[in-house]
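Encoded as structure tokens, the structure appears first; notes follow it.
The values are calculated or read from the model by the stated rules, or taken from the named source; none is laboratory data. Bear in mind the structure is a predicted one, so any value in this text is a computation, not a measurement. When we count neighbours, we look across all protein chains shown, and the Cβ atoms used for this are built from the backbone with ideal geometry, even at glycine. Heavy atoms of the whole protein, side chains included, go into the accessibility calculation; ligands, DNA and RNA do not. Shrake-Rupley method; radii C 1.70, N 1.55, O 1.52, S 1.80 Å.
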Amino acid sequence: MTTRPVIGITTHLTEATWDSWDRQRAVLLSARYPAMVQAAGGVALLLPPDSPQRAPEALTRLDALVVSGGPDLHPAYYDARPHPRTRAVAPERDAWELALLHAALAARLPLLGICRGMQLLNVALGGTLIQHLDHVEEHLGSPRGYGRHAVRPVPGTLLAGLLPEGTVSVPTYHHQAVDRLGSGLTVSAHADDGTVEAVEGGGFTLGVQWHPEQGEDLRVLQALVGAAVVARVRRRSGEPVPATE
């Protein structure tokens, strides 16, 4: 029997209240993330922030990595001053997730960045961010939940192969976006206003600005799980994982 691939998902480190406990330090993640990985055929493993030096070791237990959504990355990581609307409140998570991304890229581990995760992927590769979008209303939901808008995959990209229709409606909640593209990345989707909505690199390296875990479309996650199975077989056989496919 083939075992399901193990997909690591990054988490928040924050204060939370549950049962009898009030404002306790907690590792927190929307249940939709692990549910999405499980529905796509993977085993979900949650990754709380840890020492950045331990990132390569953590990845040896994984077949793929998902960097989840969350608060803004501190703009010091891309040599910028904070915008008045920037909310950078997760220093442990910033350092941990950037270390995970560098280690995953070096190991050619399949990875998916979601919203903040896509932005971190871009910064990890030397790119920069727009700290507050001019047309932010099109990309933010309401206080009650996520919004939706159309994205257009770029023909010939990995993403276009996964989402072959010309336009896809996606769940969205973000006020920042990719500005200067990171080294080795390609833009693979845009919103109607031109905002970069997906980027990709070699092998299975993909970032999406939207939140697939908030919808029903599993195609991106199923592709990640498939890439994780292939990468695991190659590692166990000693076959090198190619930089590009």
Q) If you take the residues in segment 105-120 that are in a helix (DSSP H, G or I) and of a type in the set (Gly, Ala, Ser), which one is most open to solvent (accessible area, probe 1.4 Å)? A) Ala106
Q. If you go through segment 133-172 one residue at a time, how many are more than 28 Å from Pro84 (Cβ to Cβ) and not in a strand (DSSP E or B)?
A. 14
Q | Answer residue from segment 91-104, given it is buried (at least 17 other Cβ atoms within 10 Å of the Cβ) and touching a strand residue (DSSP E or B) at 6+ places or on another chain (Cβ under 7 Å) and is farthest from Leu158 (Cα to Cα) among those | A | Arg93
Q.
If I go through segment 74-90 residue by residue, how many of them are farther than 16 Å from Leu47 by Cα, open to solvent by less than 40 Å² (accessible area, probe 1.4 Å) and in contact (Cβ under 8 Å) with a residue 60 or more places away in the chain?
A. 1
Q) So, in segment 121-147, of the ones that are charged (D, E, K, R) and either touching a Phe, Trp or Tyr at 6+ places or on another chain (Cβ under 7 Å) or loosely packed, with under 14 Cβ neighbours inside 10 Å (or both), which residue ends up nearest to Ala106 (Cα to Cα)? A) Asp134
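Quick grid of which residues meet (1) within 18 Å of the chain's Cα centre (by Cα); (2) open to solvent by 60 Å² or more (accessible area, probe 1.4 Å); (3) within 25 Å of Leu73 (Cα to Cα):
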position: Arg152; (1), (2), (3): no, yes, no
position: Thr157; (1), (2), (3): yes, no, no
position: Ala160; (1), (2), (3): yes, no, no
position: Leu163; (1), (2), (3): yes, no, no
position: Pro171; (1), (2), (3): yes, no, yes
position: Ala189; (1), (2), (3): yes, no, yes
position: Glu197; (1), (2), (3): yes, no, yes
Q.
As an exercise: evaluate Arg93 against (1) farther than 24 Å from Gly203 by Cβ; (2) assigned to a loop (DSSP other than H, G, I, E, B); (3) under 19 Å from the mean Cα position of the chain (by Cα) and give the number of the one condition it does not meet.
A. (2)
Q: Scan (1) at pLDDT 95 or above; (2) touching a Lys or Arg at 6+ places or on another chain (Cβ under 7 Å); (3) surrounded by fewer than 20 Cβ atoms within 10 Å (Cβ to Cβ) for the single condition Asp50 breaks and write down its number.
A: (2)
Q.
With the structure loaded, tell me whether Gly69 is outside any helix (DSSP H, G or I), of a type outside the set (A, V, I, L, M, F, W, C) and buried (at least 23 other Cβ atoms within 10 Å of the Cβ) or whether it fails that test.
A. yes
Q: For segment 159-171, enumerate the residues that are modelled with pLDDT of 95 or more and touching a Lys or Arg at 6+ places or on another chain (Cβ under 7 Å).
A: Leu162, Leu163, Thr167, Ser169, Val170, Pro171
